[in-house]
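Working notes for the structure below.
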Amino acid sequence: MPFPAANTGRFAHHRVFFCFNCRDLSTASLHYLSSRQAVADIANFRTKVAKKMGLTRNKWVLFGCSYGGSLAVWSRIKHPDLFAAAVGSSAPMLAKVNFYEYLEGIQRSLCTYNSECLEAVKEAYNQVVEMLKLPKYYSKLESDFMLCKNFKFNSVMDTTFLLERLILPVAANVQNNRNKRNNKVGIVISAFRDMDPDPQRGEVTGLHLYSDNRLKLDLEDFYMLYGEGNQVLIRIDDLCDTMTNTSLGSPYYRFLKITHSVIKEAFLPCLAANYDDKLKTLSDSSINKHNPTQGRQWFYQSCTEFGFFKTTDSKNQPFTGVPLSYFVKLCSDVFGPEFNYDSLKTSVMSTNAYYGGFNVRGSKIIFLNSSFDPWHTLGITKDISKDLPAVFIKGEGHCSEMFKQKDTDSAELIQAREKIFHILQKWLKR
């Protein structure tokens, strides 16, 4: 498919949480970590590299998924003179303190896939909540869930942290769903390994314009970064097969089987759910160059820009026991008392005012979202205009169209990728 430009251009990966001039991750150093700075860095990179490599006449296109998708869109909005177009996959456009809609989305997706599975998850989780209220069940819970010895049943923060962690395998599974026709997708276990608070992350990546004037979406270069450590390969099919398998016992014991699988695959001796340990991990301001982590950095942005806290405050979701106050307290405990609800609310309002939220102004931006991905509630799912089209894919998960294409991909997924290509082809010919 020919294009007018003749030179070869490639946009490099944008490492969202790497700081070139920070000696540590102290709160003072993290002051420079923001999406606004990232957008400025992307623009600076494009300008400097284009000049150095003789690509000033080439058209640059931004691609990104998840948070990286947001950066791609915002970079096009703020620097339309530098970027010809942008593609934002599963990109949240609206910052929101209390993201209770996330677990509402999990419920809708599970209900759509298998309503019996949803009911089993609800029953299992609620049983754990009730058992946590009665001391006579403490030893059983400690044994069943392989809890580390420093877990305190009489601590509200410990029990809330445990409940948050037990939600993760179900939520991450549904969010990143790729069904049996596709490859397995990893359940994020970073929160089981290093207590990283949120797997919602992505990277801006690239588009190739080859010397023979062909435009190619290099899907092998598109990937998401969801957390530290290994990933447990469990599909939504496997999750629901287990949760509806009556031969395993009650839903409680079926849920235990899933939890044990995650712990085993993570090579962990026990399930850590001690709030003080979580606080210690997130408060560590040192930089380990041999084993870099991203939990503290992302959590800082959550507390200062985005919120995105996945609470159980809505009645239209299967879980309970993880209120907004838990996350606000964590922000204050990690970064200081000045990081409170008022500062969080003000920061989120500032983010939406600066970028526009759902009121996107600009052109030549493609928004991609999928029905099983609960993040789509904060994204653009319908066309705004001809130059701001949206592609909504049924039955797929987070950033699904950014994976390498397979012969087993659904027709909807293949069509979505083709639509992206043809829209970009039309725009870049102008």
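The values are calculated or read from the model by the stated rules, or taken from the named source; none is laboratory data. If you're wondering where the values come from, they're calculated on a predicted model, not measured in any experiment. Here the Cβ positions follow ideal geometry from the backbone for every residue, glycine too, while neighbour counts run over all protein chains shown. Remember, those area values only see protein heavy atoms, side chains included, never the ligands or the DNA or RNA. Shrake-Rupley method; radii C 1.70, N 1.55, O 1.52, S 1.80 Å.
Quick note on segment 44-120: its Rg to Rh ratio, both from C-alpha atoms and Rh being the Kirkwood radius, is 1.25. Computed with a 1.4 Å probe over protein heavy atoms only, the accessible surface of segment 27-130 comes to 39 Å² per residue. Extents of segment 97-159, largest first, come to 38, 31, 18 Å (Cα atoms, principal axes, whole angstrom). Rounded to the nearest 10 square angstrom, residue 131 shows an accessible area of 10 square angstrom against a 1.4 Å probe.
In segment 47-160, Cα pairs under 8 Å separated by at least six residues give a relative contact order of 15 percent. For segment 284-400, the alpha-carbon radius of gyration amounts to 1.29 times the rule-of-thumb value 2.2 N^0.38 Å expected for a compact globular protein. Computed from the Cβ-Cβ distance with R0 of 25 Å, the FRET efficiency linking residue 37 to residue 276 stands at 0.20.
The residues 48, 96, sorted by heavy-atom accessible surface at 1.4 Å with ligands and nucleic acids left out, run 48, 96 from largest to smallest. Taken along the Cα-to-beta-carbon direction at a fixed 7 Å, the label points for residue 283 and residue 131 span 3.1 nm.
Remark: accessible surface ordering of 354, 138 (largest first) is 354, 138, probe radius 1.4 Å.
What is the percent carbon and sulfur in the accessible area of segment 251-302, measuring with a 1.4 Å probe over the protein chains and ignoring ligands?
52
Of the peptides 113-119, 243-249, the order by per-residue mean of other Cβ atoms within 10 Å, starting with the highest, comes out as 113-119, 243-249. Note on residue 419 and residue 260: their simple-model spin labels are 4.4 nm apart, each label 7 Å out from Cα toward Cβ.
Heavy-atom accessible surface of segment 240-358, averaged per residue, reaches 45 Å², computed with a 1.4 Å probe.
Measuring spread by the Cα atoms of segment 350-411 yields a radius of gyration and Dmax of 13.3, 44 Å.
In the structure displayed, which of 52/406; 280/329; 278/310; 152/310; 59/386; 51/419 lie more than 25 Å apart, Cα to Cα?
52/406; 51/419
Fully extending the segment from residue 149 to residue 238, taken as 0.36 nm per residue of separation minus the present Cα-Cα distance, adds 29.0 nm. Modelled spin-label separation between residue 404 and residue 358, with each label point placed 7 Å from Cα along the Cα-to-Cβ direction: 3.8 nm.
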